[in-house]
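Only the coordinates and a few stated rules stand behind these numbers; no lab work does. Since the structure is predicted, the reported quantities are computational estimates derived from the model, not experimental observations. Cβ coordinates were reconstructed from backbone atoms using ideal geometry, including for glycine residues, and neighbour counts include every protein chain displayed.
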């Protein structure tokens, strides 16, 4: 397997993979991603060297973004507000590889990226309606913190998101 930072040549395969993920999420009534998010953010993520991808024999099987800030970071009570933290966003696993440990592998890699950047915590937000993701993060050692972030979009749509973190 090949884990690395994404490059612009990955963009088409990346968007195709996420379109399949979004279709699968919608079929399971988890309607939180769409044609705009996350796909329209990937080009900027690549330019800013924060999007990581995993390939197996030339096929993209997973991706995530690591950022040093998050719009909801002040809305919840982290265990240590002053500790350096990175935020994992847009974690996606090719649906052909779901339920095979790929997501857990990618979380381990994200923790390595965070630790290598001097962070003490890896943090994330997950929508309250995304129960499979919540269970996945808890199973992988993330702890829910107090509070929630209500992300409101231009069209009035709102996501109620919980914060989770793990010490790296």
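Structure values in brief
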item	result
Unique match (being in a helix (DSSP H, G or I) and farther than 21 Å from residue 141 by Cα) among 24, 49	24
Count - residues of segment 79-89 that are within 21 Å of residue 139 (Cβ to Cβ) and either surrounded by fewer than 21 Cβ atoms within 10 Å (Cβ to Cβ) or out of contact with any strand residue (DSSP E or B) (no Cβ under 6 Å at 6 or more places or on another chain) (or both)	2
Some residue of segment 140-147 being loosely packed, with under 12 Cβ neighbours inside 10 Å, within 23 Å of residue 37 (Cβ to Cβ) and in contact with a strand residue (DSSP E or B) (Cβ under 9 Å, 6 or more places away or on another chain)	no
Of the criteria (1) part of a loop (DSSP other than H, G, I, E, B); (2) farther than 23 Å from residue 139 by Cβ; (3) touching a helix residue (DSSP H, G or I) at 6+ places or on another chain (Cβ under 9 Å), which one residue 11 fails	(1)
Sole residue being crowded, with 21+ Cβ neighbours inside 10 Å and within 15 Å of the chain's Cα centre (by Cα), chosen from 17, 25	17
Filter result for residue 43 (more than 25 Å from residue 143 (Cβ to Cβ), free of Cβ contacts under 8 Å to residues at least 40 places away in the same chain and exposed (fewer than 13 other Cβ atoms within 10 Å of the Cβ))	no
Tally, over segment 94-122, of residues that are in contact with a helix residue (DSSP H, G or I) (Cβ under 9 Å, 6 or more places away or on another chain) and within 25 Å of residue 76 (Cα to Cα)	7
